[in-house]
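A.B. asks: Dropping a structure here in structure tokens format, bear with me for questions.
The values are calculated or read from the model by the stated rules, or taken from the named source; none is laboratory data. Small disclaimer: the values here were computed from a predicted structure and weren't measured. Every residue, glycine among them, receives a Cβ derived from its backbone with ideal geometry; neighbour counts consider all protein chains shown.
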Amino acid sequence: MIKVACCATIKVMSSVLIVDDEKSITAPLARALTQAGYRTLVANDGREGLALARSQKPDVVVLDVLMPGMDGWEMCRTLRQESTVPILMLTALGEEVDRVLGLELGADDYLTKPFSTRELIARLRALLRRLELDRRQQQAEDTLTVGEIRVELNTHRAFLGDLELPLRQKEFDLLALLLSRPGEVISRAEFFDRVWGTDWLGDTRTLDVHIRWLREKIELNPSQPQLIQTVRGVGYRFTREGS
């Protein structure tokens with residue numbers, strides 16, 4: 001039975017970048033966020049904020065709209081072209097069109113000034129929870145696990161329990177294809193199409209050779225394979241329970 005991969009590790013301290021030209025807002029807000037357990041970064045204008053966002057890679061950005069030089073709209077637009085970091089817009093503007101503009105430029109949420117620190121922190125926590133869920137989902141999508149065998153597609157690594165397997169490129173591709181459809185028979189033709197390419201003109205026995213190499217690395221007894229089973233005249237399948 002396929003098991004969901006272990007979720008990504010949650011950061012011990014999330015970082016928040018505050019971009020606002022009003023020190024009467026940034027100073028107390030930074031203190032409150034620090035007391036709430038966040039690492040805080042402060043920029044006084046959009047250009048400085050953009051530079052910090054690029055260099056420090058914060059987990060979330062609190063961005064004021066009305067600032068001299070590069071305003072919040074421009075920074076939001078530029079940052080969204082480079083990053084998916086959550087952005088919470090701060091605005092003194094109450095018009096719906098301004099709130100809609102921020103969302104259309106890529107902001108994830110907004111607060112209208114004046115706001116309570118408690119509400120802002122609650123909004124940040126919600127954004128960070130959503131981000132963590134997205135990371136977990138991505139991690140699960142990038143990992144295939146059946147029994148003791150695990151393949152990490154994003155890092156191109158494979159494991160038998162805690163032991164990393166020294167797989168060749170084609171062995172890795174074969175194992176990933178097998179694990180993506182446990183219990184299902186995959187035809188020889190599909191193996192060649194998916195792993196070697198539709199223009200493969202070599203010896204078809206190369207598939208059997210690579211399967212044998214793969215079995216030698218993951219089977220307890222390669223001569224009597226339990227995990228990768230041969231379906232004569234058709235192809236191979238990876239068993240869910242190794243039996």
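A.B. asks: Could you please find all residues in segment 207-233 being touching a strand residue (DSSP E or B) at 6+ places or on another chain (Cβ under 7 Å) and either farther than 17 Å from Arg168 by Cα or among the hydrophobic types (A, V, I, L, M, F, W, C) (or both)?
C.D. replies: Residues satisfying the conditions are Ile211, Leu214, Ile218, Leu227, Ile228, Gln229, Thr230, Val231.
A.B. asks: Sort through Ala189, Ala122, Ala126 and tell me the only one that's farther than 19 Å from Arg237 by Cα and surrounded by 12 or more Cβ atoms within 10 Å (Cβ to Cβ). I'd like the intermediate steps shown before the answer.
C.D. replies: Working: Ala189 fails: farther than 19 Å from Arg237 by Cα; Ala122 fails: surrounded by 12 or more Cβ atoms within 10 Å (Cβ to Cβ).
So the residue among Ala189, Ala122, Ala126 that is farther than 19 Å from Arg237 by Cα and surrounded by 12 or more Cβ atoms within 10 Å (Cβ to Cβ) is Ala126.
A.B. asks: Which of the following residues is more than 15 Å from Arg150 (Cα to Cα), at pLDDT 90 or above and over 32 Å from the mean Cα position of the chain (by Cα): Gly202, Gly235?
C.D. replies: Details: Gly202 fails: at pLDDT 90 or above.
The match here is Gly235.
A.B. asks: Lys23 fails exactly one of the following numbered conditions: (1) surrounded by 18 or more Cβ atoms within 10 Å (Cβ to Cβ); (2) modelled with pLDDT under 95. What is the number of that condition?
C.D. replies: Answer for Lys23: the failing condition is (1).
A.B. asks: May I pose another question? Conditions first: (1) surrounded by 14 or more Cβ atoms within 10 Å (Cβ to Cβ); (2) part of a loop (DSSP other than H, G, I, E, B). Thr145 passes all but one, so which condition is the exception?
C.D. replies: Of everything listed in (1) surrounded by 14 or more Cβ atoms within 10 Å (Cβ to Cβ); (2) part of a loop (DSSP other than H, G, I, E, B), Thr145 misses just condition (2).
A.B. asks: A further question follows. Among the residues of segment 41-65, which ones are in contact (Cβ under 8 Å) with a residue 40 or more places away in the chain and under 20 Å from Lys113 (Cβ atoms)?
C.D. replies: Result: Val60, Val61, Val62, Leu63, Asp64.
A.B. asks: Next question. Can you spot a residue in segment 135-153 that is at pLDDT below 95, closer than 30 Å to Pro86 by Cβ and among the small types (Gly, Ala, Ser)?
C.D. replies: Checked segment 135-153: at least one residue is at pLDDT below 95, closer than 30 Å to Pro86 by Cβ and among the small types (Gly, Ala, Ser).
A.B. asks: So, one more: Quick check on my filter: what residues within segment 100-120 are within 22 Å of Met75 (Cβ to Cβ), modelled with pLDDT of 85 or more and part of a helix (DSSP H, G or I)?
C.D. replies: Selection gives Leu120 alone.
A.B. asks: Step by step: first the residues of segment 30-75, then only those that are within 16 Å of Arg123 (Cβ to Cβ) and charged (D, E, K, R), then the one that is surrounded by the fewest Cβ atoms within 10 Å (Cβ to Cβ). Which residue is that?
C.D. replies: Among them, the one singled out is Asp59.
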